[in-house]
Amino acid sequence: MKFFKGQATIVQLQWLVWLAVFLIVFFSMLPQDGFFWSGSFALVNISFYALIIYGNIKFLFPVYYERGKKLQYVLYIIALLIGAGLTRGYLIISLYNSFSPGKPETWTIGTAVNFVMAGFLTYMLSFIFRIAIAYFALKQQSEKILAQKSQAELNLLKSQVQPHFLFNTLNNIYYEAYREAPRTAGLIERLSNIMRYFVDESTKDEVSLQTEIQFIENYIALEKIRIRHEAEIHFTKQCNGEASIPPMLLMTFVENIFKHGIDKSSSHNKVDISLIHEDGYLMFQTRNQIHEKPLKKDSHGFGIQNLRKRLTILFGTKFELKTDYSNQHFTAFLKVPLS
C-alpha cells in the first residue's frame, strides 16, 4: 500500500482508518441532519471512539493487564467507559438541542446506559484494532527484512565481481608465465586457488577435508619461496576425503611454523606435519625446531588462544589441544571430531 510517497506507516494507516470512519458517519447523517450537525456529531463520536480504543490498547492494557494488575485494569476500564460514555452523551444531547431547539432531547437513565453500553462495544473493538496494528507492524517488519536481505544479496553479488575479475586476470598471467617460467606459473596458480578459497569456502560452516588440505599445501608452497635455503617439510596425510571440517581450523599451527619455526638464514629447517583421520576424529600435529634465539612461549599465545575459543564454540569440550616445548622442538597437537 502506498501513502503519498513511499510505503504507508502504521500511523498513516490509522489516520486513514479514522478518516474513513468519520466520512461514513458524516455522510450517513448528512441527507437528514445537515452539514454542521452531521460534522459535529461525527467529530464527537470519533473523538470518544479514539479515547476508549487508545486509552485501552496504549495505556491501560500494557500498564496494568500485561503486568498482572488485572483488578486495577478492570476498575480503570469501568471508570473509563462510564466517564467517556456519560461525557459523550452529554455533548451529543447538548449539540442536538442547540441545532434543534424546537425538539429538545432530555437526559434519562436509559440514555446514559445506552451511551455507556455503546462505549463497551467500542472497548471490545479496541482488541481487534490492536491485533490489526500488530499485524501491519509485523508485515512491514517482514517486508523490511526481505528488502535488507535482497540488498545484502545484491551487495554480495557486487562484491564477487572484483575477486572473479582478479581470478580471471591471474589465469591470464598464468598462461603467459607458463611459456616462459613454468615454476612461476605454478605459484600463480596456487595463489589463485588460495584467494578462491577465501572467497568461496572460508565463509561456509564446513568444507571438505580435501579442500582444507589443498589450501594448506598451497599456503606451504607459497611460504617456501620466502626461505633462502630449501626447508625440509614433511606433510603426512592419512584421511578420508569425504569428511568435513570447519574452514581455517588448522591454519594457526601452519602459520606459526613459518612465523616462529623457520630460520630463514639457516639451511637446517626441518618441519613435520601429520594429518590423520581415524574413528571419526581428526588428529593434526605439527613439529618444528626451536632455533638458537627462540621466541618466548607467549609468541604463539594469541593464535592458540583464539583457536581454543573457536574450538570451544564449535565443539564444546569434545576436542583436545596441546602444545609442548621440549628437546629443542615445538609441538602442537589438535584432535577434533569430524562429521
- request: Scan 212, 242 and give me the residue that is in the same structural domain as residue 313 (by TED's automatic domain parsing) and at pLDDT below 85.
  value: 242
message: When you scan region 114-125, do you find a residue that is within 37 Å of the chain's Cα centre (by Cα) and modelled with pLDDT of 75 or more, even just one?
response: yes
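What about residue 138, is it more than 22 Å from residue 42 (Cα to Cα) and at pLDDT 80 or above?
Working: more than 22 Å from residue 42 (Cα to Cα): yes; at pLDDT 80 or above: yes.
Answer is yes for this residue.
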query: How do the pairs read when you match residues in region 238-261 that are more than 15 Å from residue 331 (Cα to Cα) with residues anywhere that are among the acidic types (Asp, Glu), using Cβ under 6 Å and keeping only pairs 6 or more apart or on different chains?
result: 244/206; 245/212; 246/206; 247/201
statement: Cβ pairs under 7 Å, 6+ apart or interchain, first in region 28-49 and closer than 13 Å to residue 87 by Cα, second among the hydroxyl-bearing types (Ser, Thr, Tyr) and crowded, with 17+ Cβ neighbours inside 10 Å, ordered by first then second residue, are 49/122
- prompt: Given the conditions (1) modelled with pLDDT of 90 or more; (2) touching a Lys or Arg at 6+ places or on another chain (Cβ under 8 Å); (3) of a type outside the set (Val, Ile, Thr), and given that residue 235 satisfies all but one, which numbered condition is not satisfied?
  reply: (2)
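Yes/no matrix, rows are residues, columns are (1) touching a helix residue (DSSP H, G or I) at 6+ places or on another chain (Cβ under 8 Å); (2) assigned by TED's automatic domain parsing to the domain that holds residue 38; (3) part of a helix (DSSP H, G or I); (4) among the aliphatic types (A, V, I, L, M):
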| position | (1), (2), (3), (4) |
| --- | --- |
| 68 | no, yes, no, no |
| 73 | yes, yes, yes, no |
| 76 | yes, yes, yes, no |
| 82 | yes, yes, yes, yes |
| 111 | yes, yes, yes, no |
| 133 | yes, yes, yes, yes |
| 140 | yes, yes, yes, no |
task: Using the structure shown, decide if residue 220 is over 37 Å from the mean Cα position of the chain (by Cα) and of a type in the set (A, V, I, L, M).
output: no
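The values are calculated or read from the model by the stated rules, or taken from the named source; none is laboratory data. Quantities reported herein were computed from a predicted structural model and do not represent experimental measurements. Note that we place each Cβ from the backbone using ideal geometry, even for glycine, and neighbour counts take in every protein chain shown.
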